Ligand code: ADP
């Protein structure tokens, strides 16, 4: 039987941390579905299509990974796809609390889907999509943090729209005072 796993996320945008989790999952499972969700609780910077395209480009070198659009409940989505293992990346204790709640909730929904956690590599443990967006807004070099196409896409967006980050992270000096 084919062993399949799902790596879900918003991927707004995909970072080297995400790619690392996906590729390490692909080394263990026969097929990995990277599922890009429109998270209604999040104010996304990039539209779903662009996020999917960037994930596709970032994992194109891994033959057993496919990228799909997520729809509705994660566990339902996995079940429809015949997947019963969900892999989530863990960076810190702060991730754990949220992920623990999600995993328990998904179990409570009564689905035979297991959530497994994969530790972030130390060199990626600080990386988040929010951080990348905030840095890109200020024109900082994010070349070590994201695939080249993501860097180009965010740079393009900054030049054309000057669009501010949706991250809420404050890395820059404020206006007050
Ligand atoms: P969500 O919006 O569902 O939190 P994200 O796209 O932010 O989705 O993250 C998707 C998954 O990737 C989550 O399991 C998250 O913990 C994990 N992840 C995010 N950044 C990293 C990283 N730098 N290293 C390892 N895992 C990560």
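Here, each number is a calculation from the coordinates, and none is a lab measurement. Please read all numbers here as calculations on a predicted model, not as lab measurements. FYI the Cβ positions are ideal-geometry reconstructions off the backbone, even for glycines, and counts take in every protein chain you see.
Worth a mention:
- Computing FRET efficiency as 1/(1 + (r/R0)^6) for residue 95 and residue 155, where r is the C-beta to C-beta distance and R0 is 41 Å, gives about 0.90.
- Here the scattering of the stretch 8-48 is modelled by Debye summation over its C-alpha atoms, one equal scatterer each and no solvent; at q = 0.23, 0.24, 0.26 Å⁻¹ the log10 of I(q)/I(0) is -0.78, -0.82, -0.90.
- Residues 28, 62, 21, 142 arranged by fewest to most Cβ contacts within 10 Å: 28, 62, 142, 21
- Calculated [222 nm] ellipticity per residue, helices only, for the chain: -12000 deg cm²/dmol; basis is -39500 (n - 2.57) per DSSP H run with n ≥ 4, divided by all residues, nearest 500.
- Note on the stretch 14-76: percent of Cα-Cα distances in each 5 Å bin, starting at 0 and stopping at the bin with the largest distance, equals 4, 17, 28, 25, 18, 7, 2.
- Computed from the C-alpha gyration tensor, the three semi-axes of the ellipsoid equivalent to the chain are 29, 18, 15 Å, from longest to shortest.
- Largest GNM mean-square fluctuation among 16, 41, 84, using the chain with Cα springs under 10 Å: 41.
- Most fluctuating residue given options 23, 130, 94, as computed from a GNM of the chain linking Cα atoms under 10 Å: 94
- Selected from 58, 140, 26 as most flexible by GNM, with the chain as the system and alpha-carbon contacts under 10 Å: 140
- Computed from the Cβ-Cβ distance with R0 of 22 Å, the FRET efficiency linking residue 3 to residue 71 stands at 0.45.
- Using C-alpha pairs below 8 Å separated by at least 6 residues, the relative contact order for the stretch 1-89 is 42 percent.
- Helix axis angle, 48-59 relative to the chain longest principal axis, alpha carbon, degrees: 80 degrees
- Protection proxy ranking, peptides 105-116, 4-15, average beta carbon neighbours within 10 Å, highest first: 4-15, 105-116
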